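The values are calculated or read from the model by the stated rules, or taken from the named source; none is laboratory data. Keep in mind the model is a prediction, meaning the values are calculated, not measured. Surface accessibility is based on the protein's heavy atoms, side chains included, excluding ligands, DNA and RNA. Shrake-Rupley method; radii C 1.70, N 1.55, O 1.52, S 1.80 Å.
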Amino acid sequence: MLLYFLITCFSFIFLRSLPLKTLPSWASEKMNLTSNGKLENPVDDTGGMSILDLPELALDCILERLTTAGLCTMACVCTSLRERCISDHLWERRIKQKWGRIIGRAAYREWQFQIASSKDFGSCEQGKQKGLMKLLSTVWPISLMKSKDDNNNNNNNNFKHSNSSRVNSILSWYLAVETGRFWFPAQVYNRENGHVGFMLSCYDAELSYDPQTDTFRARYPPHGRRAVAIETGVQWERLRAPPVDTSPHDLHISDCLNDLRPGDHIEIQWRRNKEFPYGWWYGVVGHLESCDGNENYCRCHNSNAVVLEFHQYTRGSRWRCTMINRKDHREEGNEADGFYGGIRKLNSKEEISRWKQLWPTEVLE
């Protein structure tokens, strides 16, 4: 015990003799900036280190843990930090975390198309920028906006070239989505505020985020002679990225027909007539009339005929079930009952659970 006590005391005295340095003020996310956009005390006058003295891995870890607003504030400190704070790898992670569930490849293609087709995309909104866009626009232009000073000063050529390359950055995409400037393609469950005619379906739409309400505006394409329908206040839980890269006007080529068995959960394309786009409708695979449903004797999976059931509709409803041929299924139907298209088998418990959460409170006719 005496030896242990001596070792402990010696260690304590030795550690107390070492010079200690407090963490600099930059370690706090809520940094105090001076009017010229620099840290009040980026380097300790007594010889303390600045944030730029940290190893790159440690600095990246700090930047990754900042809130979006904090990261934008950090970008105002100096040129070196700005370059780090706007790097694609930081913002790619953020866009996946916040938007990954509803933004897919179609949305990214649309963003690339807008960038390519309009060099000054978003310049008309410059005077309306708020929040993050307003903060960042004081540091560098997000779009290809040239000020009079830029045009008159040859020394800014390199800076303008750098800004031009940032138009296509992940950060510029994030900000366009975050501020609602960018309408992107996605899909909406139970469209038009849960209209009874669209219960347990999912339709393509163009979406725009409303940062004031944390909801979305949905713009649905016209159906036949109907005008464009617009829905506001769409909640996050009613949205998803398109699960397949198929246009709503094209037939999805099914790759699961041979695997379908009674009890499987599916989505199937359906449209009212040939002029309408497809929507995805939730259903389950049922048993043939000749089968009593006993798992030990069921041979429905050996038949080319596949029964699809939609239990949200009451028994006897013409929408309750349909039948397809697994061997040569294409689009099937007529003008009276609509047209059934491609099928997706749902293997994800998360997808199935989401459909069940949207189940109507009453059985539909």
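Quick notes on this structure:
- Entry comment: accessible area of the stretch 183-291 is 45 Å² per residue, from protein heavy atoms only and a probe of 1.4 Å.
- Extension gain, Lys96 to Glu351: 0.36 nm times the residue separation minus the Cα-Cα distance gives 90.0 nm.
- Residues whose placed amide H lies under 5 Å from that of Asp210, excluding near-sequence neighbours: Thr215, Phe216, Arg217
- Carbon/sulfur fraction of accessible area - the stretch 320-362, other protein chains in place, 1.4 Å, %: 46 percent
- Partners of Lys349 within straight-line reach, counting aspartates and glutamates whose Cα lies under 13 Å from its Cα and excluding those fewer than 8 residues away in the same chain: Asp264.
- Here the accessible area is traced with a 1.4 Å probe on the protein chains. For the stretch 210-273, carbon and sulfur cover 46 percent of it.
- Note, ³J(HN,Hα) from phi for the stretch 349-360, Karplus 6.51, -1.76, 1.60, rounded to Hz, x at Gly and Pro: 5, 5, 5, 4, 4, 5, 4, 5, 5, 9, 4, x
- Cα gyration tensor, the stretch 258-365 - rounded (a/c under 1.5), prolate or oblate: rounded
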